[in-house]
Amino acid sequence: MIPGFSSRRRFSDLNEQEILALAISSEEDDARIYRSYAEILRKDYAASAAVFDGMAEEEDGHRQRLIDLHVVRFGKVIPLIRREHVAGFYARRPVWLTENLGLEKIRGEAAAMEHDAQAFYTQAASRTTDAATRKLLGDLAAAEAQHEDLAHALEDEHLGADARSEEDRNAHRQFVLTWVQPGLAGLMDGSVSTLAPIFAVAFATHDNHTTLLVGLAAAIGAGISMGFTEAASDDGQLSGRGSPVKRGISAGVMTTLGGLGHALPYLISDFWTATTIAIALVFVELWAIVWIQNRYMETPFLRAAFQVVLGGALVLGAGMLIGAG
């Protein structure tokens, strides 16, 4: 046992029966994960859901063969040992953390699952001197390699070029609607709407501390307001824009970041140094908005640049003139 981790055992301390039991529980868990992925994807990505259904069935088959081997070698009573009981054993990310990653990320997570299992068994086999244990671990590594080949075969069967292309387009559209669109609206609101009050206070007072406080209040207040407004405006059921919580987080965080960008320079004690940096950051923020609009919203670059940069410059100028007056 490892001091301080008495509930976890080292892999080197496991006997062959326990290694086999660990493989059985791991196959069982992986089948559950694949079925969960299938249910998450079934509504919008039926072809990918079919792939994960097939992978879950294959895991069930491997688990049953491992159980049959255990019965022959050690009897019907299988020791209760799971991944979390073994120090250093590969872990699986909880499904509730991966379901929000998007279609391509889930596909990558599944590929990583098979690769990690194969790599672990291969490494474990190379470190043991017992012939029977070495063979067992080598067989498990080969089984995991076959799983990866199976995934590709199932993709060829259920996920042809047209289906995959269609699912990728749907995934990109959903990402834009759920994360990019509200985030872009928040960044624009935070970057542009806070310009006037922050620079009006700056030029009216020439007091960096006061300007910083006003900037923080404007950015955080706008972020909270924008986040709740986005979340409450549309539940996503009819519009298909996705979870209101996700959209609210995206809008709120980006609004706050947009306002903080030109408020934080007033942490610098010298007024004109802080103001120069803040103005430079304003144009960085505006060009970032232009890039996002062009990259994800397919807005022509020149039109986006004209609208955003010109609008931002006018708001900035208004704030300076009002403050100076």
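Every read-out reported here was derived from the displayed coordinates using simple, explicitly stated rules and does not represent laboratory data. Just so you know, these numbers come straight off a predicted model, no measurement behind them. Cβ coordinates were reconstructed from backbone atoms using ideal geometry, including for glycine residues, and neighbour counts include every protein chain displayed.
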Contact order relative to length for the range 251-307, counting C-alpha pairs under 8 Å separated by 6 or more residues, stands in percent at 23
Note: the range 232-325, point scatterers on Cα, Debye, no solvent; log10 I/I(0) at q = 0.10, 0.12, 0.17, 0.22 Å⁻¹ equals -0.38, -0.53, -0.91, -1.15
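For residue 269 and residue 129, compute 0.36 nm times the residue count separating them, minus their Cα-Cα distance, and round to one decimal in nm. All intermediate terms of the calculation are to be shown ahead of the outcome.
On the way: separation 140, 0.36 × 140 = 50.40 nm, distance 6.69 nm.
Gain on stretching residue 269 to residue 129: 43.7 nm.
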Note to self: C-alpha centroids of the range 170-237 and the range 257-322 sit apart, in Å, by 13
Kirkwood-based Rg/Rh on the Cα set of the range 166-324 evaluates to 1.04
So, with points 7 Å from each Cα along the Cβ direction, the residue 243-residue 60 label distance in nm works out to 2.9
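What FRET efficiency, computed as 1/(1 + (r/R0)^6) with R0 = 45 Å and r the Cβ-Cβ distance, is obtained for residue 213 and residue 91, rounded to the nearest 0.05?
It comes to 0.50.
Want the number for residue 10 to residue 309: 0.36 nm per residue separation, take away the alpha-carbon distance, what's left? Please list the in-between numbers first.
Working: separation 299, 0.36 × 299 = 107.64 nm, distance 5.96 nm.
So the chain would gain 101.7 nm between residue 10 and residue 309.
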Restricting to lysines and to Cα separations under 29 Å from residue 105, and discarding same-chain partners fewer than 8 apart, the set is 43, 246
Expressed in nanometres to one decimal, the distance between label points 7 Å along Cα→Cβ at residue 225 and residue 76 is 7.0
